[in-house]
Every structure is written in structure tokens, then in C-alpha cells.
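Reviewing the structure listed below.
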Amino acid sequence: MGSALRAHGLVRTYRVGWRRRARRGLDGLDLDLPRGAIHALVGPNGSGKSTLLRLVSGAERADAGQLEVLGGAPGARAERVTWLPSESPFPRELGAREVLELIASVRGLREWSAEADALLEQVGLADAGTAPTRTYSRGMLRRLGLAQAFLGAPELVLLDEPTAGLDAPGFQVLDSLLARARAAGTTVLLASHLLEDVVERCDTLSVLLDGRCRLHGEPRQLLQDAPGIAARGLGPTDWDALRAEVERRGGTLVPGTVRASLGMGELYQRAADASEEPERP
């Protein structure tokens, strides 16, 4: 299948503050992600997740290092890569269907109309398709963002904080679109600072700290030392108390499996304790 993304020694530096001091968004990042899978980037704010997505999309260029996207240079495969930024900057006067029409035009898509209608139906915006987006809730805007990201059968979909502001129906929409991507062999790269939002949805998990990939592997492999919990005969009050205690300690109870996973704090600490050299998948 080859690599969807291959990065070696990737560096991206920004100038911040009135003194224009240099801050590295990426600091020698190495990463190799195969095609046809769902990959997750997790890390605290400032770890380099969004920076990497901007470089992969071609919106920015690296200062040093090598980056290959779908076998070519970033931006050279622009028509095959779609991107959902952390915010959804759609023209406020346009309706959802007009937004998809505009995006289809920009991407040079010809037969898009039927697919756009199907996507709006899938994300629950068919009835609001003509209403201006200024009337949409944040959850509706995120669902529209997901629809545009999957329009046109892309080969690589980049999702930056896709669950931020997502309403309850939106999580079902995200799962259905990821299932669609799996069936089509589409590669998805999603970034989040919330482990629980991606761990059950991805095939591989990469932990970024300080602009480097410090841990990479299958989620179960990275979390295999998480404590397990067997719970029987608990009443509703006991269950609520157990959930509250696990969450207080930074863990998550996963419905249906009654198990605890590592919290973000523990995972970050494990990543920080890894070799000072970035791990190379």
C-alpha cells in the first residue's frame, strides 16, 4: 500500500511575541504512516499536531527535514487531500449546500451534486441545507465541516480536533464517516488532545510532545499496561461512584467493556520517559 505520510527530521519554526522569539512547532519529527488506515495524533496544546496537519495539507512549508505525502511533495497532491481545520471558517451568508458547491468548485469536482446531498443527509443537515451558516450551532458547523472533508472521495483526510464542539449526533456522524473511509480504503489522520475521543476509533496512535513523536503504535499496545477493572453486582449509585473515581484519577471507563484506560497524564508521562531520540515507526 505504501505510505500516506512519511516525515523525517521535520522542523517548523514560528516567530512569536513582540520580540519575535523563535518557537519550534515541530522539532525533528519522524513519522511513517501507511495508507488505508485511521491514524490519530494526540498530545497537549502546542505539541505540534496542528502544525503537522498544516504542513501535510500544503498550507505551510517546513523549515527543514523531508515530508512526503501520498508519494509526492506536500501540495502536489492537493486534489487528493482534504482538511478540516480546528475551526470551520465557512462564509456566514451561505447555506450548507452552497458551501459544498463552493468547495467542489475549488477542488475541481464535476459530479458532486448527488454526493453532496447524500453527505448532508448523512450528517443530519439536509433540512438545514439552505439556511445560512450564521444560524448554525457550533455542532452543526462541525458536522458540515466533516461533510466537506469527505466530499469528492479524497485519498487522505486530515481532521484537526474533529470532536471539538461536536454535538451528540455529531459523534455518530463521525463514526459513520470513519466507517465509510475504512470501506473505501481512505487514509484518515485525526488530531486531538482528548485520548478518549480517538483511542477506540484509530488503528495507530502517535503521541507528540514538544514537536516530536515520542510514542507510536497500536492503541492497545501503547495502553496495554492500563489497569483493568472487573465489576459485578454494582448498583447505579456504586457505578456512578466508580466512574467518578476513575475519571478523577485521569482514566476512562469504556461502556460495554468495563475497563479502565490510561489517562492523558499517564500517557504523556510515559512518552516523556521515552528515549530522548524521537521514535521512528
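Ranked from highest to lowest mean number of other Cβ atoms within 10 Å per residue, what is the order of the peptides 206-212, 31-37?
Listed from highest to lowest mean packing, they are 206-212, 31-37.
When only alpha-carbon atoms are used, what values of Rg and Dmax, in angstrom, describe the range 54-176?
14.8, 47
Looking at the chain only, what percent of DSSP beta bridges run antiparallel? Nearest 5 please.
That works out to approximately 60 percent antiparallel.
Please get the size of the charge dipole for the chain, origin at its Cα centre, with Cβ charges of +1 on Lys and Arg and -1 on Asp and Glu, quoted in debye to the nearest 20.
Computed about the Cα centre, the dipole is about 780 debye.
Keeping every protein chain present and rolling a 1.4 Å probe, give me the accessible area per residue for the chain in Å².
Heavy-atom SASA per residue in the chain reads 50 Å².
Can you give the extra length, in nm with one decimal, that the chain gains between Asp240 and Arg182 once fully stretched, where that is 0.36 nm per residue apart less the Cα-Cα distance?
Difference between extended and current length: 17.4 nm.
Express the carbon and sulfur contribution to the solvent-accessible surface of the chain as a percent, rounded to the nearest whole number, probe 1.4 angstrom.
Percent of accessible area from carbon and sulfur atoms in the chain: 49.
Using just the C-alpha positions of the range 99-233 as equal point scatterers, what log10 of I(q)/I(0) does the Debye formula give at each q in 0.22 1/Å?
Each listed q corresponds, in turn, to -1.39.
Can you give me the long-range amide H partners of Ile38? Hydrogens built in the peptide plane at 1.01 Å from N, cutoff under 5 Å, separation of 5 or more residues or another chain.
Here Val188, Asp203, Thr204 satisfy the definition.
Given Cβ point charges of +1 (Lys, Arg) and -1 (Asp, Glu) and nothing else, what value in debye, to the nearest 20, does the dipole of the range 82-166 about its Cα centre take?
Roughly 220 debye, rounded to the nearest 20.
Amide H of Tyr14: which non-local residues (sequence gap of 5 or more, or other chain) have their own amide H closer than 5 Å, using H built in the peptide plane?
Distant-sequence amide H within range of Tyr14: Arg23, Arg24, Gly25.
Kyte-Doolittle cut-off -1.0, length cut-off 20 Å along the helix's own axis using Cα: show which whole DSSP H helices in the chain pass.
Membrane-span-like by this criterion, though nothing is claimed about a membrane: 168-184.
When every alpha-carbon pair in the chain is counted, what percent end up more than 30 Å apart?
So the portion of pairs separated by more than 30 Å is 35 percent.
Give the residues of the range 64-107 whose amide nitrogen is closer than 17 Å to a point set 7 Å from the Cα of Thr130 in the direction of its Cβ.
Backbone N within reach: 93-101.
Taking just the C-alpha trace of the range 9-112, give me its Rg and Dmax in Å.
16.2, 50
Given the peptides 20-28, 110-118, arrange them by the average over their residues of other C-beta atoms within 10 Å, most packed first.
Peptide ranking by packing, descending: 20-28, 110-118.
Express in nm, to one decimal, how much length is gained between Asp273 and Ser3 on full extension, taking 0.36 nm for each residue of separation and deducting their alpha carbon distance.
Roughly 94.4 nm would be gained on extension.
The values are calculated or read from the model by the stated rules, or taken from the named source; none is laboratory data. Not measured: the values here are computed from a predicted model. Here the Cβ is made from the backbone with ideal geometry for all residues, glycine too, and neighbour counts use every protein chain on show. To get the accessible areas, we keep the full protein, side chains included, count just its heavy atoms, and leave off ligands, DNA and RNA. Shrake-Rupley method; radii C 1.70, N 1.55, O 1.52, S 1.80 Å.
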